[in-house]
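*Asks:* Could you have a look at this structure, given as structure tokens, before my questions?
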Amino acid sequence: MPTQAKSLVEAFPSDPIRMADVISRFWGKVRKTQPNLCWEWAAVRDPDEYGIFCSGGRNLRASRVAYYLSTGIDPTGDSVVRHLCDNPPCCNPAHLQVGTTKDNNNDKSSRGRGRRGHKITEDQVREILIAVQNGETRAHLALRYKVSKGHITNIVRGRTHQRVTGIMFVGDKGPAVR
Ligand SMILES: [Zn+2]
């Protein structure tokens with residue numbers, strides 16, 4: 001994970017006024033909802049659905065920045081910021097925890113994330129769209145169809161299965177069935 005390799009401190013300005021700007025720019029991209037719910041990153045995401053925040057000429061993982069800005073702790077080496085909610089774009093510090101890369105890989109394989117290409121049929125794609133329109137959560141659907149939440153997101157945003165869904169993906173703020 002190249003974004004995790006270097007310490008975060010050098011990516012941020014040492015001047016407190018400029019740093020305050022960075023902090024407000026960061027939280028301005030986070031969709032804060034209820035304290036106990038996920039706060040999803042509202043800007044650019046990487047292919048694994050983690051938020052990307054640019055600072056100091058680097059692309060930083062948003063959840064890591066959220067953890068650092070709220071705790072002052074920047075896990076390095078074998079430690080990473082993990083999501084207790086298994087929702088990569090989430091930046092709610094209450095849902096973030098430090099763990100090892102090994103913990104993270106175990107989580108991924110036990111939850112089906114990290115294994116790409118899990119097959120979903122065309123009928124299932126249609127069922128998923130209907131379920132989302134009926135208010136079913138992506139987390140729930142991910143469990144039911146044994147795929148990642150990101151996979152469900154990709155379907156409902158039209159990033160994949162466009163031929164079946166008829167939804168054309170036009171960018172991160174594009175048409176989304178929620
Ligand atoms: Zn969360």
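*Asks:* Has segment 38-55 got at least one residue that is touching an Asp or Glu at 6+ places or on another chain (Cβ under 9 Å), modelled with pLDDT under 90 and within 30 Å of GLN162 (Cα to Cα)?
*Replies:* No: segment 38-55 contains no residue that is touching an Asp or Glu at 6+ places or on another chain (Cβ under 9 Å), modelled with pLDDT under 90 and within 30 Å of GLN162 (Cα to Cα).
Yes or no, residue by residue, for (1) touching a residue at least 60 places away in the same chain (Cβ under 8 Å); (2) closer than 20 Å to VAL22 by Cα; (3) in contact with a helix residue (DSSP H, G or I) (Cβ under 9 Å, 6 or more places away or on another chain); (4) surrounded by 14 or more Cβ atoms within 10 Å (Cβ to Cβ):
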site: SER55; (1), (2), (3), (4): no, yes, yes, yes
site: HIS83; (1), (2), (3), (4): no, no, yes, yes
site: ASP86; (1), (2), (3), (4): yes, no, yes, yes
site: HIS95; (1), (2), (3), (4): no, no, yes, yes
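*Asks:* Considering (1) in a helix (DSSP H, G or I); (2) at pLDDT below 95; (3) among the aliphatic types (A, V, I, L, M), say which one LEU69 fails and leave the rest.
*Replies:* Here LEU69 clears every test but (2).
*Asks:* Same structure again: If you scan segment 70-95, which residues turn out to be near the ligand (Cβ under 10 Å from one of its atoms), in contact with a Ser or Thr (Cβ under 8 Å, 6 or more places away or on another chain) and more than 19 Å from ARG138 (Cβ to Cβ)?
*Replies:* PRO93
*Asks:* While we're on this one: Can you tell me how many residues in segment 33-48 are in a loop (DSSP other than H, G, I, E, B), within 12 Å of the ligand (Cβ to nearest atom) and not polar (S, T, N, Q)?
*Replies:* Final tally of qualifying residues: 4.
*Asks:* Looking at segment 28-41, I want the residues that are hydroxyl-bearing (Ser, Thr, Tyr) and have a partner that is assigned to a loop (DSSP other than H, G, I, E, B) and within 11 Å of the ligand (Cβ to nearest atom) with Cβ atoms under 7 Å, at least 6 apart or on another chain. Which pairs are those?
*Replies:* THR33/TRP39
The values are calculated or read from the model by the stated rules, or taken from the named source; none is laboratory data. Keep in mind it's a predicted model, so treat the numbers as computed, not measured. Don't worry about glycine lacking a Cβ; one is built from the backbone with ideal geometry, like all the others, and counts go over all protein chains shown.
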